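Before any comments, here is the structure.
Read-outs: derived from the displayed coordinates by stated rules, not from any lab. Here the structure is a predicted model, which is why all the values come from computation and not from measurement. Virtual Cβ from ideal backbone geometry, glycine too; neighbours counted across all protein chains shown.
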């Protein structure tokens, strides 16, 4: 599959019954800030059906973006995915318009599908706040050594 920089639809030559557009957009179109938490692992894979209905261009299909993520609980690297299985957009077509660029619509849909709180697994235990050990891989002695009494007053309120 060839990676493209833009997703352009030739409205003037579009089949009256609609056409399937499938391919991959370059990951650079996402223009994600360098947070280190989410990094694209390949391009945006799209499978769309594009149809001209009167003065509108109707686009429906699926979008997928593989990601390399850092778990916000335990800081482990893992592979994730942002996907929109029901992507749909409608664009009004003016007279004389021959080409429509769908890149921005696809970009926005993937950004909205990005995980806001990426975790390696639902039951991730995270890191010990005292010693920093990954609690998914080992248990630490911090909790056995004693706990802080600074919250005891709040415990009595219940």
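Relative contact order for the range 1-41: 48 percent, from Cα pairs under 8 Å spaced at least 6 residues apart, divided by residue count.
Pick the calculated mean projected area of the Cα convex hull in nm² for this structure from (1) 12.2; (2) 14.6; (3) 11.0? Matching the structure shown: (2). Between helix 103-113 and the chain there is an angle of about 30 degrees, using the helix long axis and the longest principal axis of the Cα atoms. Relative contact order of the chain: 20 percent, from C-alpha pairs under 8 Å at least 6 residues apart in sequence.
What's the exposure ranking of 157, 32, going from fewest to most Cβ atoms within 10 Å?
157, 32
Compared with the direct C-alpha span, the chain from residue 60 to residue 140 gains 23.7 nm at full extension, assuming 0.36 nm per residue. One chain, two ends: residue 10 and residue 51. Fully extended at 0.36 nm per residue, the span grows by 13.6 nm beyond their Cα-Cα distance. The helix-only estimate of mean residue ellipticity at 222 nm for the chain, built from DSSP H runs of length n ≥ 4 each weighted as -39500 (n - 2.57), is -2500 deg cm²/dmol after division by the residue total.
Considering only 84, 31, 95, the mean-square fluctuation computed in a Gaussian network model of the chain, springs between alpha carbons under 10 angstrom, is largest for 95.
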